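A quick write-up on the structure given underneath.
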Amino acid sequence: MIWIQALIILACIMLGARKSGVTMGFAGGVGLFILVFVFGLKPASPPVNVLLIIIAVSSMAATLQVAGGLDLLVHLAEKVLRSRPDRITFMAPIVTFLFTVFTGTSYVALAVYPVICEVALEAKIRVERPMSIALVASQHGISASPVSASTAALLAVLAAHGVSLGQIMMVLFPAIFLGIIVGALSVYKKGLELEKDPEFLKLVKNGDITFGSGESKNYKPTKEAVLSVTLFALGVFFIVLLGSVKALMPSWNVGGKVSYLSIPNAIEIIAFLTSFIMVFTCKLQPGKIAKSSVFSAGMTGVIAIFGIAWMTDTFFLAHKAFVIDSLGGIVREYPILFAVMIFVMSALLLSQGATTRSIVPIGVSLGLPLGSLVAFAPAVNGLFFFPATGSAISAITFDRSGTTKIGRYVLNHSFQLPGFVTCISSILFGLVISYFVF
C-alpha cells in the first residue's frame, strides 16, 4: 500500500510540474485528498510557519519593487557589469548572486540578462559563458539569501533543533560564493570563440547582430528608490542580527521558564515593520504592492509549498517508522545520497522552497547531522536540469548571438555544466565550512 501511495504522490508532483506555478499546490491538494479520503491517512499539520515567513518577506520585497528600489538595483548591476567587460564571465555571476542574496528574488538577475549579452558581445566574449553561469548563480543565490523562501523553509525546520539563521548564513554564503567561482571557471573557455563560431558569423553576415546600445543614460534614481533600498537593507540586517543572536530576542518568564520570541516570528515582525515604513516614507499606493510581479511570485510559492509540503508531510507522518527503518542505515552511512534525493526532487518540483520544506524534515528524522543538512541546501537548485523554467527560457531568448541554447537532446543545454559544477562545489565547500560552524 505504501508504494501505491508513493506513486500517487510522484504522479501528483509530475502533473503539477507540467503546468507549474500555483498548479503545484493544487496538485498537492489532489494527492492529499486521495491520501486522506481514500487511504484514510491522518493529515499532518499545514506548514504554517514557512508560509507566514514567505508572505512577510515577499511583501517586503514587493514594496521595494513598487518604490523603485529594484530598478535602482538593476541600474547599479548594469554599471558594475560595464565597468569590467573583459571580466564578464566572473562579474556576471557575482552580480546576479549578490543581488539575489540581498533581495531574496531573481528579479534583478532577469533584468540584467540583456546587459550581460550586450557587454559580452562588445568584449567579443562568447555570450553563453557569462549567461549560463549568471543564471545558475542567481538560482543558488536563493539558498544563500536570508530573506528567500528556501531559507525560510530551511530555518523553520531547523530552528526547532537549535540552528540559527546566522549559522545557516555562515555556511551557505561563503560555500555558494566559492562554488559559483568554480562554476565560472568551468565555462571560462567553453565553446568556440565568437570569431570562430560559424553560426554566430552567419548572423553577423546576415545583419542579425547589432552591437551595443550602450548604458542607459535616461535612468535617474528617485529619492524614494534610494530610501526604499536603504530601509530594505536595514530590515535585512536586523533579520539576520535577531536570527543570529538569541540574547537580543524579547523573552518572557512563564511558569518559571524563560521563553524567547521565535526566529520565524521575529522575521515576520521585522518584514512587516519595514514594509510599513517604506509605504509611508516613500508615499506608495498599497494596491500596487499586491499587483506587483514580486508579490505574485511570492504568493505562487506560498500556494505551491502549502499543497506539496502538506501532502508529503502527511505521507511521511503515516510511514515515518518504515522510511527510517528502510533508508536510515544507508543514508546515515552515505549522507551524500540525501543530497541526491534533494536534487532530484528540486528538478521535479522546480521550487527551492517547496523542495526544502518537503525533504529536509525527512533528513532530520533520519538523524543526519544538522551541519550536513545545511551544507546540502545548494542541492535544492536542481532547477537548471530541465531547461523549462522561465529564467532559463529568458536567458536563452536574451542571448542574441544564439550561443546560449538547448541542445538536440534537450538535456545537453548551456546550463548543465555550470549548474552541476556549482552545485557540487557548493555542497563540498559547505561540508568543510559546516565542520567549523556546527
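Some notes on this structure:
- Value of relative contact order over the chain, rounded to a whole percent, pairs C-alpha under 8 Å and six or more apart: 28
- Residue with peak Gaussian network fluctuation, the chain [Cα springs, cutoff 10 Å], from 418, 198, 174: 198
- Inter-label distance for residue 122 and residue 218, nm, one decimal - labels placed 7 Å from Cα along Cα-to-Cβ: 1.8
- Counting other Cβ atoms within 10 Å as a rough exposure proxy, the listed residues 380, 147, 254 run 254, 147, 380 from fewest neighbours to most.
- Inter-label distance, nm, simple model (7 Å from Cα along the C-beta direction), residue 333/residue 38: 3.5
- Simple spin-label estimate for residue 317 and residue 254 gives 2.1 nm between the two label positions (7 Å along the Cα-to-Cβ direction from each Cα).
- Candidates 289, 359, 324, ranked by Gaussian network fluctuation over the chain, Cα under 10 Å, top entry: 324
- GNM flexibility winner over the chain from 73, 368, 135 (Cα, springs under 10 Å): 368
- Set 19/124; 19/189; 79/189 screened for pairs whose C-alpha atoms are more than 31 Å apart: 19/124; 19/189
- Mean Cβ count within 10 Å, highest first, over the residues of peptides 26-33, 100-107: 100-107, 26-33
- Each stretch of four or more DSSP H residues adds -39500 (n - 2.57); spread over every residue of the chain, this sum gives -22500 deg cm²/dmol at 222 nm.
Bear in mind that the values in this text are calculations on the coordinates, not laboratory data. A quick note: this is a predicted structure, and the numbers were derived from the prediction, not measured. Don't worry about glycine lacking a Cβ; one is built from the backbone with ideal geometry, like all the others, and counts go over all protein chains shown.
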